Amino acid sequence: MKQRKGKQRKGVVFAAGMIAMLLASPSAQARPGGWGDGGYPGGGYPGWGSPGWDGPMGAPMSRGGSRDPREGRVAVSRFVVAEPAADALGHGPVTVESESGEGPWVETGQRAAYEAAVIDALVGAGYDTLHPGGAQAQVAKLRVTRQVLVPAEEKKSPVSGSAAMSVGTHGSAYGLAVNVDMTKPRAALVSTRLDARILDQASGKVLWEGYATIATREGDDDWGEGRIASKLAAALFDNFPKADAIVPAGAPIG
């Protein structure tokens, strides 16, 4: 009986020694993943909880995409001429004409919205748009132009990613980061400018001139032609014939 118990103790000691040898061997120390501890001793690919996964490679990529501060903002500049005839501004009959030309001019069909918006603004300023002509008649000439401020973004693949592999004396690791971006490419940012000049019909002299601009995204449902026209006309003729500068008679305006 004692002999049998002695053999059992020797077997336990032998098994414990074999386990210790296996744990101490280099091959047993090689770890295939290292996901929980942030990587391998002495270097290697970072684990799941490390900054390598929470940082730029693991985060969704951004196209730089905060809203452009120019979107929806209106800039206005207005000038009035120091002429006795300028006292008639905001009174009497006025005719509205829309000019056209080569270059970034808005098409004739689209200009109708701007003509209508300016007529409403002039009526609000005190003009008579229904009975043009007469000694005190004035003419409001409009010009609507548009230019691209920021081109449209190119279409990109919604899925992108990167992979990395590390091999060292303690083993190897493989990591993969996938970025998914389902947002649509941004449309072009365009600037629309409404210029208006009010002239004395009899002499042809410019009495008042101003322009208003606004930046919007091309094709934006929130910024149709009618809304852009109303926004620009309202800002341009706000407190008409208020002006930012008084121009001496005969001096160039703008």
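For Ala233, which of the numbered conditions (1) closer than 17 Å to Val94 by Cα; (2) touching a Lys or Arg at 6+ places or on another chain (Cβ under 6 Å); (3) modelled with pLDDT of 95 or more fails to hold?
Every listed condition holds for Ala233 apart from (2).
If a residue has to be crowded, with 17+ Cβ neighbours inside 10 Å and in a strand (DSSP E or B) to count, how many in the stretch 114-138 make the cut?
1
Any idea which of Arg111, Arg146, Arg67, Arg78 is basic (Lys, Arg), within 21 Å of Ala188 (Cα to Cα), touching a residue at least 12 places away in the same chain (Cβ under 8 Å) and not in a helix (DSSP H, G or I)?
Arg146
Looking at Glu153, Glu107, which is the one that is out of contact with any Ser or Thr (no Cβ under 8 Å at 6 or more places or on another chain) and surrounded by fewer than 13 Cβ atoms within 10 Å (Cβ to Cβ)?
Selected residue: Glu107, the only one of Glu153, Glu107 that is out of contact with any Ser or Thr (no Cβ under 8 Å at 6 or more places or on another chain) and surrounded by fewer than 13 Cβ atoms within 10 Å (Cβ to Cβ).
Given the conditions (1) in contact with a helix residue (DSSP H, G or I) (Cβ under 6 Å, 6 or more places away or on another chain); (2) under 26 Å from Val247 (Cα atoms), report the number of the one that Gly126 does not fulfil.
Gly126 satisfies all of (1) in contact with a helix residue (DSSP H, G or I) (Cβ under 6 Å, 6 or more places away or on another chain); (2) under 26 Å from Val247 (Cα atoms) except (1).
Count, please, the residues in the stretch 151-200 that happen to be under 30 Å from Val76 (Cβ atoms) and at pLDDT below 90.
Of the residues in the stretch 151-200, 5 are under 30 Å from Val76 (Cβ atoms) and at pLDDT below 90.
Out of the residues in the stretch 215-249 that are out of contact with any strand residue (DSSP E or B) (no Cβ under 8 Å at 6 or more places or on another chain) and outside any loop (DSSP other than H, G, I, E, B), state the one that is nearest to Val148 (Cα to Cα).
Once the filter is applied, the top-ranked residue is Glu225.
Scan (1) at pLDDT below 95; (2) in contact with a helix residue (DSSP H, G or I) (Cβ under 8 Å, 6 or more places away or on another chain); (3) under 27 Å from Ser203 (Cβ atoms) for the single condition Val106 breaks and write down its number.
Among (1) at pLDDT below 95; (2) in contact with a helix residue (DSSP H, G or I) (Cβ under 8 Å, 6 or more places away or on another chain); (3) under 27 Å from Ser203 (Cβ atoms), Val106 violates only (3).
The values are calculated or read from the model by the stated rules, or taken from the named source; none is laboratory data. This is a predicted model, so every value here is computed, not measured. Here the Cβ is made from the backbone with ideal geometry for all residues, glycine too, and neighbour counts use every protein chain on show.
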